[in-house]
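K.L.:
Mind looking over this structure? Questions follow.
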Amino acid sequence: QHRCNIAKPNASKPAPRAGKENAINNAGPNGELHISPLDAADSAARDAAAHILLAAFADPERYSHARIVEQLQAAPPPFYRHFFICRQHDEVVGVGGIKAADWASDTHILYLSAVAEHARGQGIARALIATRIAWAMENFPHGRLLVSTARSRRFARLGFRLMGKREAGGRRLMLLEF
């Protein structure tokens, strides 16, 4: 199983903002994996990310092409929206978003995450989750991360805890405080 390692920020330096300098490189069994922020000017990467999300969610009423493309556009604070992509060789094979909740202070939401079907099973989803958690912790002094997931064990291993006792559509709400 492949895992990407995330370098810890140097405590003597200010926390870095997202950028190419925060990219993660690891050699995987099928080639190099590279996780970096989605560059707003890279329309090919944005289109590839949209294609992965559309294929994974397959719910045109809730996740239309127009809505996904609009969500992939970065948004500034305080209601920021930020995406990371994973490339294998030069192909975008994974995408994951994080955004500020507009209804609660210091609350961040992991959302619109998917890995291309042919690239699954290499730890790309876990690496994208870890990257977004690290980004939130580097850029905010404290807060909470929320995720709605069908894979509660994956998130529990990262310190998330279940919220409530109900499942909605096979998904559970989970919380990580930092």
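The values are calculated or read from the model by the stated rules, or taken from the named source; none is laboratory data. What you see is a predicted model; the values in this text were computed from it and never measured. For neighbour counting, all protein chains shown are included, and Cβ atoms are generated from backbone atoms with ideal geometry for every residue, glycine included. Accessible surface is based on the protein model in full, side chains and every heavy atom, while ligands, DNA and RNA are left aside. Shrake-Rupley method; radii C 1.70, N 1.55, O 1.52, S 1.80 Å.
K.L.:
Do we have residue 87 as at pLDDT 95 or above, farther than 20 Å from residue 173 by Cα, basic (Lys, Arg) and assigned to a strand (DSSP E or B) here?
P.N.:
So residue 87 fits the description; yes.
Residue-by-condition table, conditions (1) under 17 Å from the mean Cα position of the chain (by Cα); (2) at pLDDT below 95; (3) not hydroxyl-bearing (Ser, Thr, Tyr):
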{"position": "60", "(1), (2), (3)": "no, yes, yes"}
{"position": "65", "(1), (2), (3)": "no, yes, yes"}
{"position": "68", "(1), (2), (3)": "yes, no, yes"}
{"position": "72", "(1), (2), (3)": "yes, no, yes"}
{"position": "79", "(1), (2), (3)": "yes, no, yes"}
{"position": "138", "(1), (2), (3)": "yes, no, yes"}
{"position": "141", "(1), (2), (3)": "no, no, yes"}
{"position": "156", "(1), (2), (3)": "yes, no, yes"}
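K.L.:
Can I ask one more? Could you list, in sequence order, all residues of segment 90-113 that are assigned to a loop (DSSP other than H, G, I, E, B) and either more than 18 Å from residue 47 (Cα to Cα) or within 11 Å of the chain's Cα centre (by Cα) (or both)?
P.N.:
Scanning segment 90-113 gives 101, 102, 103, 104, 105, 106.
K.L.:
Right, something else. Can you tell me which residue is most open to solvent (accessible area, probe 1.4 Å) among those in segment 87-114 that are within 16 Å of residue 63 (Cβ to Cβ) and out of contact with any Lys or Arg (no Cβ under 8 Å at 6 or more places or on another chain)?
P.N.:
113
K.L.:
Something else now. Checking residue 118 against (1) closer than 20 Å to residue 62 by Cβ; (2) at pLDDT 95 or above: exactly one of these is not met. Which one?
P.N.:
Residue 118 satisfies all of (1) closer than 20 Å to residue 62 by Cβ; (2) at pLDDT 95 or above except (1).
K.L.:
State which residue pairs qualify: first residue more than 16 Å from residue 88 (Cα to Cα) and inside segment 109-123, second residue outside any helix (DSSP H, G or I) and among the basic types (Lys, Arg) in any location, beta carbons under 8 Å apart, and separation of 6 or more residues or different chains.
P.N.:
109/99; 111/99
K.L.:
If you don't mind, there's one more thing I want to ask. Among the residues of segment 124-156 satisfying the criterion of being among the small types (Gly, Ala, Ser) and over 12 Å from residue 95 (Cα atoms), which is surrounded by the fewest Cβ atoms within 10 Å (Cβ to Cβ)?
P.N.:
If we take residues in segment 124-156 being among the small types (Gly, Ala, Ser) and over 12 Å from residue 95 (Cα atoms), then 150 is surrounded by the fewest Cβ atoms within 10 Å (Cβ to Cβ).
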